[in-house]
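> The structure's right below; bear with me while I get my questions together.
The values are calculated or read from the model by the stated rules, or taken from the named source; none is laboratory data. As the structure is a computational prediction, the values presented were derived from the model and not from experiment. Virtual Cβ from ideal backbone geometry, glycine too; neighbours counted across all protein chains shown. Quick note on the areas: whole protein, heavy atoms, side chains included, nothing else; ligands and nucleic acids left out. Shrake-Rupley method; radii C 1.70, N 1.55, O 1.52, S 1.80 Å.
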Amino acid sequence: PVLEAPTAAADDSYPLVQSPVLQLDGAASAQPRSGALDAAYEPLGDCLIRLRVGDPSKPPMFAITSIEGTATVFASLQTEGDLYALLHEHIATGARATLCQASMAELGAKYAALIIKELVRREGVPTECIAVPNAPANCAAPYVLIGISFGATLAHHVAVAAHARGHPADGLVI
């Protein structure tokens, strides 16, 4: 048989790309696409998912994927606090149109904003601290960033952007 290269569908999606978040009738499902993992994921937008709930008194970890964007690589990571993963939107949605950031710094700033928003939601951080450069120390909820491959470089950009917004990471693992 002859193998043909995949082509983009009319809706500009990539059906061959695997993602831990399914899109069912436009809504995200918390079940992984591949049956390899039994874990249920909690989608928190197009690119932030919670892989596992941990001890709420421990800092959460935010993992940034490599270029292919598969967040499931972090699912077996042992953490004490909640474990989140940021996966690239073109993986989560399947559409190239979601790739609107022109630089690593822009994507880092977007991911930093998503992390800060989640910290505000889960920790009750004062809303006046969300986007204030050089915010007071009581505004910073502790968290750790981790990145692999391309995600390591992006994690550095996220750390810089989050620090500029007054939410420095307690750790950066690259």
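> Go through the stretch 100-112 and give me each residue that's of a type in the set (A, V, I, L, M) and at pLDDT 75 or above.
Answer for the stretch 100-112, where residues must be of a type in the set (A, V, I, L, M) and at pLDDT 75 or above: MET104, ALA105, LEU107, ALA109, ALA112.
> Now, a different point. Does ALA97 satisfy the condition of being open to solvent by 40 Å² or more (accessible area, probe 1.4 Å), within 20 Å of PRO43 (Cβ to Cβ) and modelled with pLDDT under 90?
yes
> Mind checking which strands (runs of 3 or more DSSP E) fall wholly inside the stretch 1-82 and carry at least 3 residues that are crowded, with 19+ Cβ neighbours inside 10 Å and at pLDDT 90 or above?
Because the criterion is at least 3 residues that are crowded, with 19+ Cβ neighbours inside 10 Å and at pLDDT 90 or above, the strands (runs of 3 or more DSSP E) in the stretch 1-82 that meet it are 48-52, 61-64.
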